[in-house]
Each structure stands twice: as structure tokens, then as C-alpha cells.
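Student: The following block contains the structure, expressed as C-alpha cells.
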Amino acid sequence: MRDAVRQAAPARSTRGLRHWLRKLHLWLGLSLGTVYALVALSGSVLALQGPLLRAMHPELDAHALPDAAQQAAVIERIAREWAPQGLRSADLPDADLPVWQLYFDGGVRRYLDPASGELLLTRTPDNDALLALRDWHTHLLAGHAGETWLGVIGWFSLFMLVSGVVLWWPGRGRFLAHLKPHTQPPVRRWLSWHRSFGALSLPLLLLVTLTGTLMIYHGGTRLALRTLFLDAPEPPQPAIIAPHDAPIDWPAVLAAAHQALPDATLGRISLPGERDGRVTLRARMPGEWNPTGRSMIWIDPYRARVLGTVDATRADTGVQVNNAIYALHAGTTGPLWRTLVIVSGLLPPFFLVTGFLFWRARTKRRG
């Protein structure tokens, strides 16, 4: 008799735990899950932002890429005209977007003709749907506070994904049977669709959600990965140099950058500022997933002398894992992975709708 009581106690405890886990999963899904679904859906759209941008603004497409002399001339013009107006950095033209893309504070972007540097387009979050959608996806339209809340929502979303599979877990011998979707009655239909698709898509959703959440804590994430993989200490960046008014030989600066990492494609340039006279370039080595590249080149522009380089493909394991986070989240590793990322953004809205329909059908049945 006492043995039976002892066996019944853990069973009741397990059922009680599952009961509260089920309630927590339900109410988190119907509240924070709504924001998670909308953020994920915006991510699916942003995975296609390159083609969408060119379709919305044909003036950015069908340009020939500039030669070395044209690149140098446009950079000189950018330094003269746009650097005093708060320019942060500029992307060089490439095959995907064959124009100069300039970044300014407040999310403002300007696009220049690749050969002449003439202004083609100005985009701001106030007048451009894609930039507004990006601001929602990365900051919930609320700046730094929104980014903080997005991190909290990310962790709760990961909890919902894991708890959903825990609640679904069928035990031995019943795995395939529990994956079967049902059509009737409505309560069973919505629950089976919600759980079955959730279980099948869990690895994809966990990876995309986790990488997005880790990007919010990029400094801590990089440090944690370096510690986890026992990376060697990172070498310090080259020392800042004082800016001055000496003329810059931009063809020589670009030639020095190409010589520093001959196999790399130059992706983004940051010009000398009020406190730092260096030119900093991001470059993409063969094999890198990030479209702009994570390799770095620092140049003294007044003497066209390379101050230092970083080849991202030779980085320690922790750094390389950290560098892969954005590419995995944004779907920039290739067409197949981009398709999977787009699909992953459609799944949370599906789970939100099926979870709500299950809850409503169950409530009606009980009533």
C-alpha cells in the first residue's frame, strides 16, 4: 500500500508540473508570442530585402561596377561632400547592389551612382517601408529600449519553443503517431497541427531565434564564445592616428588595401573622423559567409600605409562561430539556407494562429 502511495506521488507531481508548464506556454504564446510572430514575419521579408529594394527602386539596378579610378574618385567626393554631414560608413558597389550605399545616424541611407557619385536616392525609416520594417525587426521601433525588450522576448520565445516540444514529447514507440496531423474535431485538429509542425521545425526555429537573440548581446556573445572555445587573446587594433588636413591619395589608399589582403573583396569603408585619422575597411575573404566580410584592414591614409589586417578565415574557433551568427540568422550563406530562413519566419505566425484556434475551440467545447 505504501509503495503504491510513493509511486502515485511522483506521478501527481509530474502531472502538476506539466499542467503549469502548459498554462505558461499558452499564455506566453498568446501574449509575447504575438510580438515574436510579427518580428519573425518581418524577418522573412527582410531576407529578401536585396531583391525587394531593387524592385522598388529601379534606379539602383543595372549599373556597371566602377573601375579602380572611379572608385577612388567617388570616395574622394564622399569624403568631401558627405563625411561632414555625419557619414558613418559606405558600402562599395557589388554585383548584388551595384551602387554606393552610405550610412548615416538615424537609420538614414543614401545611394550614389557607382561611377560618378551622383545622389540617386535617400531612404529614411519615415519614408521607406523596408527600413521601417528593419527598425521593427531590430528595435521594435523604440530605439535602445526596444532592442532590450527584443532580447527579453527572444529568451521567452526560446522557452516557448522548448516547452512546446516537452509538452508534445510522446515517449518511446509513439513518435511517428504523434506527428500525424488530424482534421477533426477542431480541438484535436489545431492541437495536432500546432504540435506536429512545432516538433518538426524545432531545430530550424531554435537556430534562427537563438542567433537573432545572441546578436542583441553581441559583445557578451563574442566574449562567451571566445571563452568557451579557449581562443587565444585577440591582438589589439592598430593605434588611432591623429587626423589632419593633408591631402589623401585615394588611389594609393585603395591599392594598399588590395595589397594587404589580395584575395579579399573590399566591402565597407569608414573614413577619417574628428578623433581618428585611420581609414578602416571591412573585406570579404573567400569562404566568408557575411556579405560585407568580417576581415579588417586599417590604413594610414596620409601615407597610404597599412597599419594592420585581420583575416577572418584564420580567426580562432570562437571568433569564427561568432562571425557566423549574422549570416545564419539573415540567410546569407546561400539560396537554400535563405529559403529555410524565410520559412522559419512564417512558422511563428502559424503557431500563434493554430494555438489561438485550439484555445478558442477548447474554450467553446467546455462552455
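Student: So, of the residues in the stretch 322-348 that are over 20 Å from Pro286 (Cα atoms) and among the hydroxyl-bearing types (Ser, Thr, Tyr), which turns out to be surrounded by the fewest Cβ atoms within 10 Å (Cβ to Cβ)?
Tutor: Looking at the filtered set, the residue picked out is Thr339.
Student: Would you tally the residues in the stretch 105-129 being within 24 Å of Leu141 (Cβ to Cβ) and in contact with a strand residue (DSSP E or B) (Cβ under 6 Å, 6 or more places away or on another chain)?
Tutor: At the first step, the residues of the stretch 105-129 found to be within 24 Å of Leu141 (Cβ to Cβ) are 105-111, 121-129.
Pick out the ones that are also in contact with a strand residue (DSSP E or B) (Cβ under 6 Å, 6 or more places away or on another chain) and you get 109-111, 121-123.
The number of residues fulfilling the criteria is 6.
Student: Let me ask something else about it. Name the residues in the stretch 106-133 that are surrounded by 15 or more Cβ atoms within 10 Å (Cβ to Cβ), out of contact with any Ser or Thr (no Cβ under 8 Å at 6 or more places or on another chain) and part of a helix (DSSP H, G or I), would you?
Tutor: Passing the criteria: Leu130, Ala132.
Student: Could you check Ala55 against (1) out of contact with any Gly (no Cβ under 9 Å at 6 or more places or on another chain); (2) over 30 Å from Pro348 (Cβ atoms); (3) without any contact (Cβ under 8 Å) to a residue 40 or more places away in the chain and say which number it fails?
Tutor: Here Ala55 clears every test but (2).
Student: Give me the residue from the stretch 56-103 that is among the polar types (S, T, N, Q) and part of a helix (DSSP H, G or I) and, out of that set, surrounded by the most Cβ atoms within 10 Å (Cβ to Cβ).
Tutor: Gln71
Student: Quick check: is even one residue across the stretch 119-127 touching a Leu at 6+ places or on another chain (Cβ under 7 Å), acidic (Asp, Glu) and over 30 Å from Gln320 (Cα atoms)?
Tutor: To start, the set of residues in the stretch 119-127 that are touching a Leu at 6+ places or on another chain (Cβ under 7 Å) comprises 119-121, 123-125.
In the following step, the residues that additionally are acidic (Asp, Glu) were identified as none.
No, the stretch 119-127 contains no residue that is touching a Leu at 6+ places or on another chain (Cβ under 7 Å), acidic (Asp, Glu) and over 30 Å from Gln320 (Cα atoms).
Student: Still on this structure: Only one of (1) without any contact (Cβ under 8 Å) to a residue 24 or more places away in the chain; (2) assigned to a helix (DSSP H, G or I) fails for Pro170. Which number is that?
Tutor: Of everything listed in (1) without any contact (Cβ under 8 Å) to a residue 24 or more places away in the chain; (2) assigned to a helix (DSSP H, G or I), Pro170 misses just condition (2).
Student: Go over the candidates Trp155, Trp193, Trp136 one by one and state the one that is in contact (Cβ under 8 Å) with a residue 60 or more places away in the chain, part of a helix (DSSP H, G or I) and either among the aliphatic types (A, V, I, L, M) or farther than 24 Å from Pro291 by Cα (or both).
Tutor: Values: Trp155 fails: in contact (Cβ under 8 Å) with a residue 60 or more places away in the chain; Trp136 fails: either among the aliphatic types (A, V, I, L, M) or farther than 24 Å from Pro291 by Cα (or both).
Exactly one of Trp155, Trp193, Trp136 is in contact (Cβ under 8 Å) with a residue 60 or more places away in the chain, part of a helix (DSSP H, G or I) and either among the aliphatic types (A, V, I, L, M) or farther than 24 Å from Pro291 by Cα (or both), namely Trp193.
Student: Select from the stretch 206-225 the residues that are surrounded by 19 or more Cβ atoms within 10 Å (Cβ to Cβ) and of a type outside the set (A, V, I, L, M) and write down the one among them that is nearest to Leu158 (Cα to Cα).
Tutor: Checking each candidate, the answer is Thr209.
Student: Mind listing whichever residues of the stretch 27-43 are more than 18 Å from His139 (Cβ to Cβ) and surrounded by 18 or more Cβ atoms within 10 Å (Cβ to Cβ)? Write out each step before concluding.
Tutor: We begin by selecting, within the stretch 27-43, every residue more than 18 Å from His139 (Cβ to Cβ); these are 27-31, 33.
Scanning the stretch 27-43 gives Gly29, Gly33.
Student: Please find, within the stretch 233-271, the residue that is nearest to Ser295 (Cα to Cα) out of those that are at pLDDT 95 or above and either in the same structural domain as Trp100 (by TED's automatic domain parsing) or touching a Pro at 6+ places or on another chain (Cβ under 7 Å) (or both).
Tutor: For the stretch 233-271, the residue satisfying everything is Asp263.
Student: Kindly list, by first and then second residue, each pair from a residue in the stretch 349-364 that is within 14 Å of Arg188 (Cα to Cα) and in the same structural domain as Trp190 (by TED's automatic domain parsing) to a residue that is in a helix (DSSP H, G or I) and aliphatic (A, V, I, L, M), limited to pairs with Cβ atoms under 6 Å and residues at least 6 apart or on different chains.
Tutor: What qualifies is Phe358/Leu191; Ala361/Val187; Arg362/Val187.
Student: Something else: Right, Asp300: closer than 30 Å to Arg77 by Cβ, surrounded by fewer than 20 Cβ atoms within 10 Å (Cβ to Cβ) and over 28 Å from the mean Cα position of the chain (by Cα) or not?
Tutor: yes
Student: Got a number for residues in the stretch 318-367 being in contact with a Leu (Cβ under 8 Å, 6 or more places away or on another chain), among the β-branched types (Val, Ile, Thr) and over 21 Å from Ser157 (Cα atoms)?
Tutor: Number satisfying all stated conditions: 2.
The values are calculated or read from the model by the stated rules, or taken from the named source; none is laboratory data. Everything quoted here is computed from the prediction, not taken from an experiment. No Cβ is skipped: glycine too gets one built from the backbone with ideal geometry, and neighbour counts run over all protein chains shown.
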